[in-house]
Amino acid sequence: MATEHPLVLPGDTIDPSLIPTHKKQPLRLGPGLRHVPPSTILPTVAGQLVTDLRKNSMWVEYNGGRYIPSQGDLVIGQVARSATDLYFVTITPYTANASLPHLSFEGASKKTRPQLLPGALVYARVTLANRHMDPELECVSATTGKAEGLGPLAGGMAFDVSLGLARRLLMARSREEGGVEVLEQLGAEGLAFETAVGRNGRVWVGSDSPKTVVLVGRALTETDEKALGVEQQRKLVKKLIREMR
Amino acid sequence: MPREAEPSLNERQFILQALQENLRLDGREFDQYRPLELTFGDQYGVADVTLGKTRVLAKASAEVTVPYVDRPLDGIFNIATELSPMASPAFEVGRPTETEVLISRLLEKTVRRSGALDTESLCLVAGQKVWSVRVDVHVLSHDGNLIDAACFAVVSALRHFRKPDTSMESGILTVYTPAEREPVALSWLHSPFCVTWSYFGDEGEIALLDATWREEQVRAGSCTISLNRHGEICQIAKLGGTPVEAVTLLQCTNTALTKVQEFSAFLDRKLAEDIKRRDKGGLMAELSAENDR
Amino acid sequence: MPLDTSAYSLALLRVDGRRWNELRRIHAQIRTQAAADGSSYLEMGHTKVMCVVTGPSEPGPRRGTTGGAAAGASKAAAEVAVSVVVAGFSSVDRKKRGRGDKRNLELQSTISNALAASLHTHLFPHSVIQVSLHVLSQDGSLLAALINAATLACVDAGIPMTDYVVACTAGSTSTYAAGDESADPLLDLNHQEEQELPGLTVATLGETDRVAVLVCESRVQVGRLEGMLAVGVDGCKQVREILDRVVREKGKRMVLEGTVVKGEGLEDMDLD
Amino acid sequence: MASTQHVLLSPAELAYLHEALSLTPPIRPDGRAPMQFRPLVAETEILPGTNGSARICFADGTEAIVGVKAEVERTRGYHGDEQEEGGEEEEEGGEERREGEREGQGEWVELTVEIPGYRDDDAGTAFLAAMLSEALLADGRFAKKLWISRRFHWKLFLDILLISPPLSYPLPLLSLTTHLALLSTRLPRLKSEGDEDPFFDDDWAAAPYLYPQGTTTTRPPITLLVMAVGRNIIFDPSKEELAVADVVLAVSVGEAATNSASTKGKGKAIGGMDIDSAAAQPGRSLRLLSVRTVDPPSRVTPPGMPNATNSAYGVAVSVQKQPEARTVEAQAVEGVWKAPRGGAKPAVMAALVQKVLERGGVADEVLDALEAVELG
Amino acid sequence: MADRRRVNGPVGATIPPVFEDEEVQTQETQRVTRSRAPNGIRKMYLKTGVTPSASGSAYLEIETSGKDGVSGLKLSCTVHGPRSLPRSSPFSPHIILSTHVKFAPFATKQRRGYLRDPSERDLGTHLEAALRGAIIADRWPKSGVDIIISIIEGDQDRETSGAQGDDTWDMMNALSGCITVASAALADAGIDCVDTVAGGVAALVKDGGETGTARIVIDPISSEHESIEAACCIAYLPTRDEITNLWFKGDMPDHDMGIYSELVQQGIQASKLANRVLVESLGETVK
């Protein structure tokens, strides 16, 4: 799967053979691609072109840069301030705040909504991402009314990672597709911790022992900065565990 | 004015909690610096200092100008610090922030006022011509502890710098190009370095060296101590913040002295390496020139 | 060095006739200003400063001051905005310092940070405490005088605080080069001593040994620091007592008179 | 800007103030008579480090300190330094003749105003400084006092500090304090003669005053604030009164030397008026030095709304929809505050100035009061 | 330090050398004396709508006195607005007026810097006072208008030495020009005014040495007279017969109130004359 991902630059022509064809489903273009009618597809960013034949979709994977909210993404936001019926939440610094209604928490009503102070972290889903409007978030699934893991994050520590790593961590099979294994490795070493990964490049790590949090954080940031492969990640985890003891 | 991104409550609490348990986020000891690196440029007087993710570049330059009227025998020595948006979006061009003012004041006090550079040696013709030495400090990347890195860069750049040689004959001043005469080093008296302590906790009981940007945002106070390796204090600045026990401050000063001695030795080594590198180049160049003929 | 302070070793008296551990005359008054929320006037020798505190109040339009513990970013606590105006006529040679002067900005930021650590600013979210200081005459120990005056004015303004932030200067009798161990520490430097001898300004929180501000701007041997710091901290305690007496006397008088009239006592305020 | 600072008064309060001040006689909020000044506390020579200093505290708590410092400066323009040697001899003969005409230059005086909370290049601060220095230099005689020799002169630095936050328009306060500071200013006595490098007497007690103490000499100018509401003329307005002023004038007044010698032959005047005639009259003779309109802050006060158009009273909804609604805006309704528009009639302006200068008028009174302040 | 964005020339004199004309022997004969009637103003050229990108603009030129080296007055004014205030500013029931007066670096004998100096700020304040009375501020709540004037030529005589002339008299001329041109630009921008305001200057001048007589002239040029004893600049609304700004400077004994009121009267007269030009020019634009 992760074999043939040709590198594309903005404005490159895409080899037509790379464009998936499907009988029934319409072709879906992901981030980094633009459709110029009638039938040209141009990349708008530099990165690796990824195609998914089953879903009949294609997109460009790129690392770094600023996170641009898109609908359905899971993000870790920081409450900036509270207004009458919503919180203003910072997803990335130096950009417009997203809004998170007071009532979009699990079981929230006018009286039982969670009180979040400025600076608190929330794990939320982007419900509206539109070029001309500030993004909107929710911490509850609109269909089930359950939190599904979303909501305020208590304690723990947030680490900044690159957008690429965050995306890889969020993949359903992060080990096979994304080539990240640190978290599993650390878990296998018997550390007890929980994580929440935001697409905006923030990873929250919670644990009873600050030592564990620091260790997980260092493992993550080091994996990210040095672009470690699976094997090296294993070594890193071993090394860190040894250091700690 | 763009504001600096604030750390979240969770981060604040965790950093403090971890510090109570003797843990730093990057696993360092409390009095441990991040890896310090120094590279000199091809030109004289360019020093590029990295301290973890903090990176500062300093460039020294010199020109001949008219001295100030009230100090006709002294050369002019300036340190220009400007924090550009390159280092952090919170910095703006043309409007000095408080951080910028404090950094430039500290550098000024540490290097200029402590008399590290002998300004009298910069005088060429009394009251008429002097060297004006200027160091420009560029912060390329900001991840905390700018002061120590900037000070190290400034001192390195000045120690590395060579100004054109001059001669004075019957009232005519000649400035030689590097090709004509080998440029000369500045008359340097002592090398001061800054060591910045960050204090945490209500009583300022936790003291860290070389805080990262994240730690700086959470700290309750800081104290910058400038020393040279002879154990002379050039400057101390604890500008407000949480009060700290006087005894702690004394201990901090003593620890700072050992750090400064390490810095000093490190710089000397780097300078020696650089000279060796250049020497080789110079000899080779000469040889090849002869062969050409 | 134009003036000779080396005579000290002969009589153990300083240029102005003080002994090593003597403070200069400190004269202080609070509530000198009817229109302000808090005000004070302080003389340390010939260094004379006035302070006016306005607030805690709603932040008005952005004014030409710097400072603030958290520069307006976190609204959870009041911002302490300090502005220092050094009058052109305050020094022997008239010298105008602009508002953008870096030394001035550093002073402002130091005072602001020192006060913010003692004042209970978290009680006044979304507000500003405006401290404006005027330097009328300077003869050394400027920062110390400014901090003391600001503390007094904050007391007058009724802003809750942990303790007084008090400051004074300390020095050492010989220059950095001399390695003589016999150098005596000195308390409360005047302008002349400040020019010639190494010295530092230290501000402590009330009666404790905890140092809020420590500024040293001259070259001095590390070994000399301990002595100077000890003398400075001790001096701060003396200053605290003097300031405390001023506040208590004023308070007593206000209670006696049964009213709290501001600006009263102006007539008998002599600036000389 | 200091003159247009916002006064937080409701339209109803403004309307009341305006009505009260338009009555004859006007009723001022603090019960003063229209010509009455607020009490003040003044002292001079408070700072030994200066050549002259003064402090004035108004009863409303505003306080100002002025310090004067003088430095010897080389006069530009009278031959360069190089030619000095040669030039001096040439001029020797002419010296006697020149002795009498000491020339002063405006730039020998530097005046700075510091108002807390305002930038020093703020337009309001610049306006205040310009007004104060204009009055000082208007008669052209002041700068001459700073003349030492043809090569040197005193450079006078006047630093004006407003200590308290500016509650009311600080102009009169600053002006009066400057007046006192200048009165108390002394310059060291000159010991050298002619054009040699000047040296001075060390004895401070022997230093002469810049404005010699005595009865028959001039005194520094003062600047007064006068305002008019309707037909009433009101002096020393407070902040609240300024908020409803129709016109505000800053009038600078100097005191003329009473000896007729100084009334330089001014020539004949228009309308057959004899300028010199007054010199013989007893009492103080005042000189008008400058007049400036100060932008009255009343123009930016919020307007009131008459009941007729106020929707809160129910009637209004229909009225507002009518096309004539615009014209309603222009009509004055009794008892409803409306910011003044347009300027002031020339006659009102003239009356304001006249009132200041009147014999036994306010300027007289203020000068008398200031004279009573003891020096030293 | 003051201006870090530009490379400024060295400080100090930038007055070009003026060589003595051989034909004209002395300064005395060179002095051009006033040839106009005491109650006449110089010719004036006024045009509105010169800057297309601004909401309103005007250009004013006043002729030179006809001698070489003496510049006239050239002013250009642009008005931007009414426009909404920035979101951060508090509510205002009135239009917020901000005036910027800037001398071009070459406009006067002494070179002016690029940053506004106190005298320019002072002019701005006067101008603001003069215009504030004229505009109907409450028609435009929550909005602001910027009036920017550049003085291209500052009506100064190059040959008078620095010590001789007092700048203030020239400043008054500049101010009266500023008021007139700003008024035209405001009208061009379509901002409601109660009347067209115009500026005028009158001065008490003295010619003919010690024995000379003092007389009142309007629109004085300082170089044409030996000395100016007093002057006043007035901003006047003709149809309402009201003064919005008055700036008098001089030295006048208290019993000479007659001269003072005569000066004011003459100032009004000058303003009325300027106003005629203004009205005519605006009328042309309408056509």
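The values are calculated or read from the model by the stated rules, or taken from the named source; none is laboratory data. Keep in mind that this is a model prediction, so the values were computed, not measured. Quick reminder, even Gly has a Cβ in these numbers, built from the backbone with ideal geometry, and neighbours come from all protein chains shown.
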Quiz item: Counting just the residues of the range E:248-280 that are touching an Asp or Glu at 6+ places or on another chain (Cβ under 9 Å), in contact (Cβ under 8 Å) with a residue 60 or more places away in the chain and at the interface with another protein chain (Cβ under 7 Å from one of its Cβ atoms), which one comes out farthest from E:Ala37 (Cα to Cα)?
Solution: E:Lys249
Quiz prompt | Of residues in the range D:129-151 being closer than 17 Å to D:Tyr211 by Cβ, assigned to a helix (DSSP H, G or I) and among the charged types (D, E, K, R), the one farthest from the other protein chains (Cβ to nearest Cβ) | solution = D:Lys145
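Does C:Leu229 satisfy the criteria of being at pLDDT 90 or above, in a helix (DSSP H, G or I) and closer than 22 Å to C:Thr151 by Cα?
Working: at pLDDT 90 or above: yes; in a helix (DSSP H, G or I): yes; closer than 22 Å to C:Thr151 by Cα: yes.
So C:Leu229 passes the test.
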Exercise. Out of B:Leu146, B:Leu122, report the one residue that is surrounded by 22 or more Cβ atoms within 10 Å (Cβ to Cβ), more than 19 Å from the chain's Cα centre (by Cα) and either at pLDDT 90 or above or more than 24 Å from B:Gly221 (Cα to Cα) (or both).
Key: B:Leu122
Practice problem: Kindly state which strands (runs of 3 or more DSSP E) lie completely within the range B:196-247 and contain at least 1 residues that are away from chain C (no Cβ under 11 Å) and either of a type in the set (Val, Ile, Thr) or within 17 Å of B:Val155 (Cα to Cα) (or both). | Solution: B:206-209
Exercise. With the condition kept exactly as written, say whether any residue in the range A:82-104 is touching a Lys or Arg at 6+ places or on another chain (Cβ under 6 Å), part of a strand (DSSP E or B) and either in contact (Cβ under 8 Å) with a residue 60 or more places away in the chain or over 28 Å from A:Gly178 (Cβ atoms) (or both).
Key: yes
Quiz prompt | Selection within the range B:236-268 - more than 28 Å from C:Glu79 (Cβ to Cβ) and within 17 Å of the chain's Cα centre (by Cα) | solution = B:Ala256, B:Leu257, B:Lys259, B:Val260, B:Gln261, B:Glu262, B:Phe263, B:Ser264, B:Ala265, B:Phe266, B:Leu267, B:Asp268
Practice problem: Pick out the one residue from B:Gln32, B:Gln17, B:Gln43 that is surrounded by fewer than 18 Cβ atoms within 10 Å (Cβ to Cβ), out of contact with any Ser or Thr (no Cβ under 8 Å at 6 or more places or on another chain) and assigned to a helix (DSSP H, G or I). | Solution: B:Gln17
Exercise. Examine the range D:78-87 for a residue that is assigned to a loop (DSSP other than H, G, I, E, B), at pLDDT below 85 and either within 11 Å of another protein chain (Cβ to nearest Cβ) or crowded, with 22+ Cβ neighbours inside 10 Å (or both), and state whether such a residue exists.
Key: yes
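Filter the range B:109-118 down to the residues that are facing chain C (nearest Cβ under 9 Å), part of a helix (DSSP H, G or I) and touching a strand residue (DSSP E or B) at 6+ places or on another chain (Cβ under 6 Å) and list them by number.
Filtering the range B:109-118 down to residues facing chain C (nearest Cβ under 9 Å) leaves B:109, B:113-115.
Now drop any that are not part of a helix (DSSP H, G or I), which leaves B:109, B:113.
Correct list: B:Lys109 only.
Filter the range D:152-198 down to residues that are part of a strand (DSSP E or B) and of a type in the set (A, V, I, L, M) and give me whichever is farthest from D:Gln213 (Cα to Cα). Walk me through how you get there before you give the answer.
To start, the set of residues in the range D:152-198 that are part of a strand (DSSP E or B) comprises D:152-162, D:186, D:190.
Retained after the next criterion (residues that are of a type in the set (A, V, I, L, M)): D:156, D:158, D:160-162, D:190.
Numbers: D:Leu156: 19, D:Leu158: 20, D:Ile160: 23, D:Leu161: 26, D:Leu162: 27, D:Leu190: 18 Å.
Looking at residues that are part of a strand (DSSP E or B) and of a type in the set (A, V, I, L, M), I get D:Leu162.
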Quiz item: Of all residues in the range C:173-186, how many are within 14 Å of C:Val15 (Cβ to Cβ) and at pLDDT 85 or above?
Solution: 1
Quiz item: Somewhere in the range B:83-94, is a residue modelled with pLDDT of 85 or more and either surrounded by fewer than 22 Cβ atoms within 10 Å (Cβ to Cβ) or in contact with a helix residue (DSSP H, G or I) (Cβ under 9 Å, 6 or more places away or on another chain) (or both)?
Solution: no
Quiz item: Quick one: is D:Ala135 crowded, with 22+ Cβ neighbours inside 10 Å, among the small types (Gly, Ala, Ser) and modelled with pLDDT of 75 or more?
Solution: yes
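Could you check how many residues of the range A:89-113 are under 30 Å from B:Phe91 (Cα atoms) and either more than 20 Å from the chain's Cα centre (by Cα) or of a type in the set (S, T, N, Q) (or both)? Steps first, please.
Just the residues of the range A:89-113 that are under 30 Å from B:Phe91 (Cα atoms), to begin with: A:89-100.
Retained after the next criterion (residues that are either more than 20 Å from the chain's Cα centre (by Cα) or of a type in the set (S, T, N, Q) (or both)): A:90, A:92, A:95, A:97, A:99.
The number of residues fulfilling the criteria is 5.
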Exercise. Give the residue that is nearest to E:Val197 (Cα to Cα), with candidates limited to residues of the range E:229-247 that are more than 7 Å from chain D (Cβ to nearest Cβ) and not aliphatic (A, V, I, L, M).
Key: E:Tyr236
Quiz item: Applying the selection to the range B:168-184, what residues are of a type in the set (A, V, I, L, M) and surrounded by 10 or more Cβ atoms within 10 Å (Cβ to Cβ)?
Solution: B:Met168, B:Leu173, B:Val175, B:Val184
Quiz prompt | Flag for A:Val79 being assigned to a strand (DSSP E or B) and within 12 Å of chain B (Cβ to nearest Cβ) | solution = yes
Quiz item: Applying the selection to the range B:81-103, what residues are among the charged types (D, E, K, R), farther than 17 Å from B:Ala5 by Cα and touching a residue at least 60 places away in the same chain (Cβ under 8 Å)?
Solution: B:Arg95
